[in-house]
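Inspection log for the structure reproduced underneath, given as structure tokens.
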Amino acid sequence: MTEMTKGQEARLVIDGKSYTFPIIEGSEGDRGIDIKNLLQQTGCITIDPGFKNTGSCCSDITFLDGNRGILRYRGYAIEDLAEKCQFIEVAYLLLHGHLPTAAELERFKGLLERFALLHEDMLHFFDHFPPNASPMSILSVMVNTLHNYYPEMSDDPLENVEMTAARLISKIRTIAAFSYKKSMGHPLVYPSNDLSYCGNFLNMMFDKPVKPYTVRPEVVAALNKLLILHADHEQNCSTATVRMVGSAGVNLYASIAAGINALWGPLHGGANEAVIEMLETIYADDCNFDKYLAKAKDKNDPFKLSGFGHRVYRTYDPRGTIIKNACHEILDVLDVSDPLLDLAQQLEEIALSDEYFIKRNLYPNVDFYSGIIYRAIGIPSNMFTVMFALGRLPGWIAQWKEMREDRTTKIGRPRQIYTGEPARKFVPIEERK
Ligand code: CMC
């Protein structure tokens, strides 16, 4: 972990008494006040709802500058990775800290191929979900239960982490595609080692005994790009969940299942599905932009513009820019005309010139245009967040591994300020009014 201190200190005065705390500086100039000993020294804790100002760790994995719209994995610009890499290369980069050589990539690919099947007994699980079960709930259940079928991580988690990572990255794709096939009532299509990671997923999703699916390289390229763009995003809600759950010592599968559940929320990964629902609603309502912008700005209305805003970005989300361009490309290649793309662009233009959104630095995020690509390649909207999970998985694993390898890791256990009743005398039941 490359944590650097430069001798600066922060001074805090409480009740006239002064305390000093070291300032930590990261390799890109991020600064944080190290308050590890705050409670011990001062008797006070900090309160920071939503952790807007709180760093939970130092990390070597992803750098994000929200003011300048910069995102890098292990030092490499997201733009380069999205343009020049395969998803599994980026997964390797996140897990190992360096881009793989051709031989390393071949070995990793071999592991993914080796682990692509699910234990046949697991297939029975799919039969017992109700027909309309959410694919996110199925995904989280199935990932959790992988521990029962492949428990070898329990003895020494860090020794087996590479195998378990490959197993998870390979099997999650099979689980995702099988859950879709089951929801359609169609026969399962097994993975094939003749196809690439993304090609395999598409084939498992769309191949049918009555109509073979042709894997198009342009569709593979679009999916590859989307998965890379989602692969990590430092300490977001689901990643922080993976680290928090993992800090209790639980296995990797259970930690990832917890991350999947966090991602499900419409404020997080669930926003990609919510965006399409919102665009469809606006479209069906005669494109009444004014009405929906007014709702988004109304503090008494829970409606928000899905796919807009971000905790860290104060400018355009760099992933959003890449996805918007990719959206045009893939729709052109597939000769698809989606009225929701025009609508999304108009909505973006209107919102970006509206005082409310300007003042709050609200821009389209990664989820605003991604659903339009998924629709174009045939992925149904209830699978959009599953796609996000497929992409985010290498990041979750890398963050879990970093947390477990870090000797300074403690179990995640926030404090609180108690605001309930002061101590009171117990009243026997017969005396209670
Ligand atoms: N529509 C309308 N107003 C918004 C929106 C929005 N999408 N996002 C933020 N605001 C307002 C918010 O009401 C607040 O206003 P005020 O200062 O008057 O109280 C101000 O902007 C600051 O927002 P915040 O809610 O304090 O910001 P946050 O960092 O807590 O929340 C967010 C970030 C992403 C949850 C939020 O912007 C949001 O709900 N966006 C819509 C859901 C969404 O697109 N989520 C995907 C995020 S990116 C991918 C991912 O992480 O999964």
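The values are calculated or read from the model by the stated rules, or taken from the named source; none is laboratory data. Computed from a prediction, not measured in an experiment: that's the story for all the values here. Every residue, glycine among them, receives a Cβ derived from its backbone with ideal geometry; neighbour counts consider all protein chains shown. Each accessible area value is taken on the protein alone, full model and side chains, heavy atoms only, with ligands, DNA and RNA left out. Shrake-Rupley method; radii C 1.70, N 1.55, O 1.52, S 1.80 Å.
For the subset of segment 2-30 comprising residues that are surrounded by 12 or more Cβ atoms within 10 Å (Cβ to Cβ) and not in a strand (DSSP E or B), which member is modelled with the lowest pLDDT?
Glu3
What helices (runs of 4 or more DSSP H), lying completely within segment 115-232, carry at least 1 residues that are open to solvent by 10 Å² or more (accessible area, probe 1.4 Å), touching a residue at least 40 places away in the same chain (Cβ under 8 Å) and not assigned by TED's automatic domain parsing to the domain that holds Lys401?
none
Looking at segment 304-321, which of its residues are open to solvent by less than 30 Å² (accessible area, probe 1.4 Å) and either within 30 Å of Pro217 (Cα to Cα) or in a loop (DSSP other than H, G, I, E, B) (or both)? Spell out the reasoning first.
If we filter segment 304-321 for residues that are open to solvent by less than 30 Å² (accessible area, probe 1.4 Å), which is where we start, we get 305-309, 313, 317-320.
Leu305, Ser306, Gly307, Gly309, Tyr313, Asp317, Pro318, Arg319, Gly320 - these are the residues of segment 304-321 that are open to solvent by less than 30 Å² (accessible area, probe 1.4 Å) and either within 30 Å of Pro217 (Cα to Cα) or in a loop (DSSP other than H, G, I, E, B) (or both).
Give segment 39-55 a look and list any residue that's within 16 Å of the ligand (Cβ to nearest atom) and open to solvent by 80 Å² or more (accessible area, probe 1.4 Å), or say none. Let's see the steps before the verdict.
First, the residues of segment 39-55 that are within 16 Å of the ligand (Cβ to nearest atom): 47-55.
Selection gives Ile47, Pro49, Phe51, Lys52, Asn53.
Scan segment 93-104 for residues that are over 24 Å from the mean Cα position of the chain (by Cα) and part of a helix (DSSP H, G or I) and jot them down. Write out each step before concluding.
As a first pass, look at segment 93-104 and keep what is over 24 Å from the mean Cα position of the chain (by Cα): 101-104.
Within segment 93-104, Ala102, Ala103, Glu104 qualify.
Please state which of the following conditions Glu329 fails to meet, knowing it meets all the rest: (1) assigned to a loop (DSSP other than H, G, I, E, B); (2) away from the ligand (no atom under 16 Å from the Cβ).
All conditions pass for Glu329, except number (1).
When Tyr283 is evaluated against the numbered criteria (1) surrounded by 14 or more Cβ atoms within 10 Å (Cβ to Cβ); (2) assigned to a loop (DSSP other than H, G, I, E, B); (3) more than 13 Å from the ligand (Cβ to nearest atom), which criterion, by number, is the only one it fails?
(2)
Just one of (1) hydrophobic (A, V, I, L, M, F, W, C); (2) more than 10 Å from the ligand (Cβ to nearest atom); (3) buried (at least 19 other Cβ atoms within 10 Å of the Cβ) trips up Ala274, so point out which.
(2)
Give Lys84, Lys36 a once-over and let me know the one that is basic (Lys, Arg), open to solvent by 70 Å² or more (accessible area, probe 1.4 Å), out of contact with any strand residue (DSSP E or B) (no Cβ under 7 Å at 6 or more places or on another chain) and assigned by TED's automatic domain parsing to the domain that holds Arg167. Don't jump to the end; show me each part of the working.
Details: Lys36 fails: assigned by TED's automatic domain parsing to the domain that holds Arg167.
Result of the check over Lys84, Lys36: Lys84.
I need the full set of residues from segment 237-267 which are open to solvent by less than 30 Å² (accessible area, probe 1.4 Å) and within 12 Å of the ligand (Cβ to nearest atom), in order please.
Ser238, Thr239, Gly259, Ala262, Leu263, Gly265
With the condition kept exactly as written, say whether any residue in segment 206-225 is polar (S, T, N, Q) and either in contact with a Lys or Arg (Cβ under 6 Å, 6 or more places away or on another chain) or more than 27 Å from Ile322 (Cα to Cα) (or both).
Within segment 206-225 (the criterion being polar (S, T, N, Q) and either in contact with a Lys or Arg (Cβ under 6 Å, 6 or more places away or on another chain) or more than 27 Å from Ile322 (Cα to Cα) (or both)), the answer is no, since none of the residues qualifies.
Can you tell me which of Arg314, Arg392 is at negative phi, out of contact with any helix residue (DSSP H, G or I) (no Cβ under 9 Å at 6 or more places or on another chain) and within 11 Å of the ligand (Cβ to nearest atom)?
Working: Arg392 fails: out of contact with any helix residue (DSSP H, G or I) (no Cβ under 9 Å at 6 or more places or on another chain).
Criteria check complete, one pass: Arg314.
Within 13 Å of the ligand (Cβ to nearest atom), among the small types (Gly, Ala, Ser) and more than 18 Å from Ala231 (Cα to Cα): is that true of Gly320 in this structure? Please lay out each step first, then the result.
Numbers: within 13 Å of the ligand (Cβ to nearest atom): yes; among the small types (Gly, Ala, Ser): yes; more than 18 Å from Ala231 (Cα to Cα): no.
Considered against the rule, which asks whether it is within 13 Å of the ligand (Cβ to nearest atom), among the small types (Gly, Ala, Ser) and more than 18 Å from Ala231 (Cα to Cα), Gly320 comes out as no.
If you take the residues of segment 293-303 that are open to solvent by 20 Å² or more (accessible area, probe 1.4 Å) and closer than 22 Å to Asp342 by Cβ, which of them is farthest from the ligand (Cβ to nearest atom)? First the steps, then the outcome.
Of the residues in segment 293-303, the ones open to solvent by 20 Å² or more (accessible area, probe 1.4 Å) are 294-295, 297-303.
Checking which are closer than 22 Å to Asp342 by Cβ leaves us with 294-295, 303.
Numbers: Ala294: 11, Lys295: 9, Phe303: 8 Å.
Ranking the qualifying residues of segment 293-303, first place goes to Ala294.
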